[in-house]
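What follows is a short report on a single structure.
Every read-out reported here was derived from the displayed coordinates using simple, explicitly stated rules and does not represent laboratory data. Because the structure is predicted, anything quoted here is derived from the model rather than measured.
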Amino acid sequence: MPQEYPALIDGKPVDGNKWFYGNGELKKPLPKACVKACSHSGSCDNDVKYYQKELAFLPPSKQMAIDYLEPFGAWTLAEMEIMSIEELAQKILWLACSNIMEDNEWLGLVH
């Protein structure tokens, strides 16, 4: 069963609607410092983890995150189903920042 809100970061409930509308559209732009830090060459894992936590960046639901990530083909459905919502959010944040750097926009969890 998908994990729905309230999601937790460091054991504290987080409002999942801070970044996304219910349909997955992005509510507000990601900070420029985040975009730059999370889309450089080489490993961005530590930067992405930091900003995901710092910004409380979380999708509206685990299932919505999986539905967004699945078409990329980088992770199997089985892999994503055992990931936490925070881990999925980190993958989304990394992709979002890369899209912003390349295309100057990212609309959210919509294809």
Checklist line | Residues with amide H under 5 Å from that of F20, placed H, sequence gap 5 or more | finding: K27
Notebook entry, point to check: Near the amide H of G108, under 5 Å away, which other amide H atoms are found, from residues 5 or more places off or on another chain, if H is placed in the peptide plane?
Noted result: L26
Next item on the list: Step through the residues of region 102-110 one at a time and calculate ³J(HN,Hα) from phi using the Karplus curve (6.51 cos²θ - 1.76 cosθ + 1.60, θ = phi - 60°), rounding each to whole Hz and writing x for Gly and Pro.
Entry: 7, 10, 6, 6, 7, 8, x, 7, 10
Item checked: Residue-wise HN-Hα coupling along region 39-51, computed from phi with Karplus coefficients 6.51, -1.76, 1.60 (Hz; x: Gly, Pro) -> 9, 7, 6, x, 6, 10, 3, 5, 5, 5, 4, 4, 5
Checklist line | Principal axes of region 25-103: Cα extent on each, largest first, Å | finding: 32, 27, 23
